[in-house]
Each structure stands twice: as structure tokens, then as C-alpha cells.
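First, the structure itself, so that you have it in front of you.
The values are calculated or read from the model by the stated rules, or taken from the named source; none is laboratory data. Keep in mind it's a predicted model, so treat the numbers as computed, not measured. Note that each Cβ is placed from the backbone with ideal geometry, even for glycine, and that neighbours are counted across all protein chains shown. Protein only, heavy atoms only, side chains kept; ligands, DNA and RNA dropped before computing areas. Shrake-Rupley method; radii C 1.70, N 1.55, O 1.52, S 1.80 Å.
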Amino acid sequence: MEIKHNELSFQLMVEATPTALIVVNNYGKIAYLNNFSEKLFLYKKNELIGQDIGILIPQNKSSNHPAYIKEFFVNPKSRQMGENRELYALKKNGVTFPVEIGLNPLVTVDGTLVLAAIIDISDRKKADEQFRLVVESAPNAMIMVDNRGLIIMINKQTELLFGYSRDELIGQKMELLVPDRFKENHSNHRTSFYKKPTSRAMGAGRDLFALKKDGIEIPIEIGLNLIPKKDSQFVLASIIDITERKKNEEAFKEYTKSIEHKNQELEQFTYIASHDLSEPLNSIQGLISLIMDDEENNIDENLIVKLNFMDQSVTRMKELIKGLLDYARLGKNVESVEVDFNLLVKNVLSDLESSIKKHEANIIVENLPKIKAYELEIHLLFQNLISNAIKYRNSTIPPKIHISAKHVNNLWQFAIRDNGIGIPLDQKDKIFLLFQRLHARNEYSGVGIGLAHCKKIVELHNGNIWADSEVGKGSIFYFTLAVK
Ligand code: ADP
């Protein structure tokens, strides 16, 4: 009773299974098929039972089939059919389709039969084909390697990059494309890759090279992608020739070095020149005051006006030289510290107190952050921007200045907004260059170093500075500081 029940459920299971199951005897005749086989091959059961299995095999592929059947019965054991061969089956309507077949011996009282489990792999083949097409048209070289390191697929770009034809590469060890001195390590790397396989860039921190057919080595970059297969994993390596990039990097390095050198020379020159120029100016100014203070000189009003004018010019020149000196020194021997920007701005405002009072400036400061920065430089930065906001005020209304900061990505972005005269759109970038001024000296005093200074300070903090403005309405100066 028990056995009967088991047999029944087994039969139900076989009938319901979504795989075609066909039992064949040792003469190659079909002895049994399940429901799904009817669906797959479009035959009714009674049309197939007793028929030669050859009826389900396309003519051109079946010539050797009887021999294969014999071979199976000589050594009957469960296995995949047609390993390394592509298998096809034939439907009643004449349509051929790719299949995968598992064979299992069935030992019965009537002798040994074979149970064939047949899976339609059309969809998988289609997906494989689509995958192949994508790889083929990829703009970089792509090579698929099996877990033994054998090349099983390449694309057109691989042929172009390495100079080998497809036939020369398929079936070869990947080491063919690896320069001799890396060969041994390469197989070690492969072993450790398979111990912990993940899709990733290859050779992090190492310079990678590949060997072309003509013996020339090229620097490359490789991305590894895992392609899961039935019982193993293949690797699809995507290879980029970085010869050009390396060349550009080298050239850029050289260029940066020479610029740095020139900068150093220029800064040294500025420093010495500024220093040496201040000396005679101090003497001239000393002499001017000597002449003016000496009552015996009995100088007339006219001369006093001229001497005053000279004194002013010398003062201006000293300011200019000091500005240049500061500019050249900026960023030398500085150390960043935690800066409380609320406190810092408060100090700047107290430095500017007399000017703020004189022009009745209204300054609103929002809550500002604490950031690691070069304190003295940041003090100067705010001082320049706030004093400009007061200096370039509208003559009709008192200055109103708003200072704020917000966190954007990995930066702090500060904004200093005024209601002053504004800056014409086409001049917005120019004002950050040394000595660029938009106004006549008799209109607004200044030497045109302040904003260049600000730019250098901000760049010292890996930030940017820029302005937004509307003529007659006011300006907003923005700058960013990297969060360290
Ligand atoms: P300086 O103020 O000594 O002339 P800066 O480098 O500080 O030099 O500024 C360069 C120029 O940018 C100024 O001459 C002025 O024309 C313009 N500028 C700077 N700040 C403002 C502002 N807040 N509003 C309008 N124009 C400004």
C-alpha cells in the first residue's frame, strides 16, 4: 500500500515537472514521455511512444546519434549529454531549438533504460548572444577568461589593441598577454582572486602592463567582472590602454613642476623687490617731513601743498608695496587651527568699528561654523570683503551687509551680501586679478590687491571665490572652504 502511494506521487511529480522527461530503451525507441514533453515537442504521447528518438533530433545533427546511444548503454551513468557539443532538438512543426540534456540510467525489470531530461535553452542562448554583441561592440578591449585562466571570448577591440586575431587568442592562457616579469605573479593573483571573487578594478596601487603581439608593452587599466556560470565563475576583463593618459600625466607633472619653480622665483623676486623699495620710500618720507617741519626753511603755501601731495603719493606707494609683500608672503609657514568664525568675524568688525560707525553700516551676521583654517589669512579675507562692501556703497543709502554660511557637499560656502554700487557682469571675474580696479582712484581709494589676496587665501584652503552682482543694487561675494 505504502509503495503504491509513493509510486503514485512519484508519477504525479514527473507529470507535473516543468522539464521534458523522455525515457528511451537501448534500441533508441521512446518508452515514455511526460506532459511537458508534449508541450515542448508539440506531439501527443501516443504519437511518440514506440518511435525512434531520432524523430526529435534535427536530421543534420543526428547522424551519429545511434552510436552515442550504444555508448551510453555500455557505460550507463548520470551525465550531461554532448559535453562541448551544441545540442539541438526538433519540434513536430519542424522548428529546431537549442537544448541541454541530462542523461540518467533507469534500471528496471525490463532492463536498463535511459531517462533524458531536456531543457529548452533558447532564451539563455538569446541572452548569451545579446551579451556577446554588447561585448563585441564595447569601445574597449574585453576578454572573457575561465577559471583555469583560458581565454574563451574576446571582442574586436582586443584584436585591435593586442594585434592578435581571435583564433590566435581563444583557448590560450591569459598569460600570453602578460609581460614575462609579471607572469609568475599573475597566476598567484588569479588564485587569490578566485579565493575571494568580486567585481573590481585590478591591481589597485600597482602599475599594470600588457604585452602586444609585436612585443611592445603598454600601460593598461583593468576592470574585472564576475560572470557566474553553471559550476564555476568566468571573469570578463575590460582593458583600457592608458598610454596617452600616462604621457599626458607625465607632461602635466613636468609642467606643474616648472610653474611651481617659476612661482617660487617670482615670489622671491617680489619679496626682495618690495623690501628694497620700501627703504628709499621711508627716507623720502622722512625728508619730506624734515623739510616741512623745519621753520627755518620758510617755505610758502604752494610748496607745502606740493610736499603734501608727494607725501600722499609715497604713502600710497608704501601701501602698494606692503600689499605686494603680504601677497608674496601669503601661505608661507602657516598652520591651520580650529577657527570659530563667529568670533573671528566679531574681531574683524571691531577692527573696522570706526568705518562702520562713520558710514552707519548695518551688519547682520548669521551663525557661522567652526572650521580648521589659517586664522590670520581668514581674518584678512573677511576684512577685505567687509571693508569693500562698505567702501563700494551706494551714496544714497547706508550700507547694509549680510554675512552667512551654509554646508554644501563637503564644503562650507560663505556669502557676504551688500547693497552697494554693484559690479558690471563682464567685470565679475577680472576683479580677482592683481591691480584690477573698476573705479578711478579719486572716486574710491585703493590699490587693487585686496580681492587677488582673497582669491589666494581661499585657494590656499582648496576653495573658490566668485561674485554675483547687479549694478546699482549690490553684490554678493561667495567663497568656499574645504572641510578638513
Ligand atoms: P581695491 O578695493 O583696492 O580697489 P580690490 O581687489 O579689493 O581692490 O577690488 C577690486 C575692484 O573690485 C575694486 O576696485 C572695485 O571696483 C571692485 N569691488 C570690490 N568689491 C566690491 C563691492 N563690494 N562692490 C562693488 N565693487 C567692488
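Go through the range 379-407 and give me each residue that's at pLDDT 95 or above and closer than 18 Å to residue 482 by Cβ.
Matches in the range 379-407: 381, 382, 405, 406.
In the range 352-378, how many residues are part of a helix (DSSP H, G or I), closer than 22 Å to residue 456 by Cα and open to solvent by 40 Å² or more (accessible area, probe 1.4 Å)?
2
Additional query: Hey, can you tell me all the residues within the range 440-468 that are within 7 Å of the ligand (Cβ to nearest atom) and either outside the structural domain of residue 410 (by TED's automatic domain parsing) or more than 35 Å from the chain's Cα centre (by Cα) (or both)?
444, 446, 447, 448, 449, 450, listed by residue number.
Suppose the filter is farther than 30 Å from residue 191 by Cβ and either in a loop (DSSP other than H, G, I, E, B) or of a type in the set (A, V, I, L, M, F, W, C) (or both); does residue 269 pass it?
Spelling it out, residue 269 is indeed farther than 30 Å from residue 191 by Cβ and either in a loop (DSSP other than H, G, I, E, B) or of a type in the set (A, V, I, L, M, F, W, C) (or both).
Could I ask something else about it? What's the number of the condition residue 161 fails, among (1) open to solvent by less than 70 Å² (accessible area, probe 1.4 Å); (2) in a helix (DSSP H, G or I); (3) more than 22 Å from residue 243 (Cα to Cα)?
That leaves (3) as the condition not met.
Check residue 403 against each of (1) in contact with a strand residue (DSSP E or B) (Cβ under 7 Å, 6 or more places away or on another chain); (2) farther than 18 Å from residue 351 by Cβ and name the one condition it does not meet.
It fails just one condition, (2).
Separate question: Could you grab the pairs with beta carbons closer than 6 Å, sequence gap of 6+ or different chains, first residue in the range 418-443 and assigned to a helix (DSSP H, G or I) and of a type in the set (Val, Ile, Thr), second one within 6 Å of the ligand (Cβ to nearest atom) and at pLDDT 85 or above?
Hits for this filter: 431/451.
How do the pairs read when you match residues in the range 15-27 that are outside the structural domain of residue 72 (by TED's automatic domain parsing) with residues anywhere that are surrounded by fewer than 19 Cβ atoms within 10 Å (Cβ to Cβ), using Cβ under 8 Å and keeping only pairs 6 or more apart or on different chains?
No pair meets every condition.
Of the residues that sit in the range 445-460 and are among the charged types (D, E, K, R) and without any contact (Cβ under 8 Å) to a residue 60 or more places away in the chain, which one is most open to solvent (accessible area, probe 1.4 Å)?
My answer is 459.
Let me ask something else. For the range 418-434, which residues satisfy the criterion of being over 30 Å from residue 321 (Cβ atoms) and either more than 35 Å from the chain's Cα centre (by Cα) or near the ligand (Cβ under 9 Å from one of its atoms) (or both)?
Those that are over 30 Å from residue 321 (Cβ atoms) and either more than 35 Å from the chain's Cα centre (by Cα) or near the ligand (Cβ under 9 Å from one of its atoms) (or both): 419, 422.
Take the residues in the range 469-484 that are more than 11 Å from the ligand (Cβ to nearest atom) and surrounded by fewer than 21 Cβ atoms within 10 Å (Cβ to Cβ); name whichever of them is farthest from the chain's Cα centre (by Cα).
478
Right, next: Would you please name the residue that is nearest to the chain's Cα centre (by Cα), looking only at residues in the range 370-385 that are more than 16 Å from the ligand (Cβ to nearest atom) and of a type outside the set (A, V, I, L, M, F, W, C)?
Taking the candidates together, the pick is 372.
In this structure, is residue 116 in contact (Cβ under 8 Å) with a residue 12 or more places away in the chain, out of contact with any Cys (no Cβ under 6 Å at 6 or more places or on another chain) and not assigned by TED's automatic domain parsing to the domain that holds residue 177?
Yes; evaluated as a whole, the condition is true for this residue.
Kindly indicate whether any position in the range 229-239 is of a type in the set (Ser, Thr, Tyr) and at pLDDT 90 or above.
yes
May I ask you to say which residue of 391, 406 is away from the ligand (no atom under 16 Å from the Cβ) and among the basic types (Lys, Arg)?
406
Could you tell me which of the residues 84, 25, 104, 60 is modelled with pLDDT under 85 and on the phi < 0 side of the Ramachandran plot?
One residue alone meets the criteria, 60.
As an exercise: evaluate residue 437 against (1) out of contact with any Lys or Arg (no Cβ under 9 Å at 6 or more places or on another chain); (2) open to solvent by 60 Å² or more (accessible area, probe 1.4 Å); (3) within 9 Å of the ligand (Cβ to nearest atom); (4) charged (D, E, K, R) and give the number of the one condition it does not meet.
(2)
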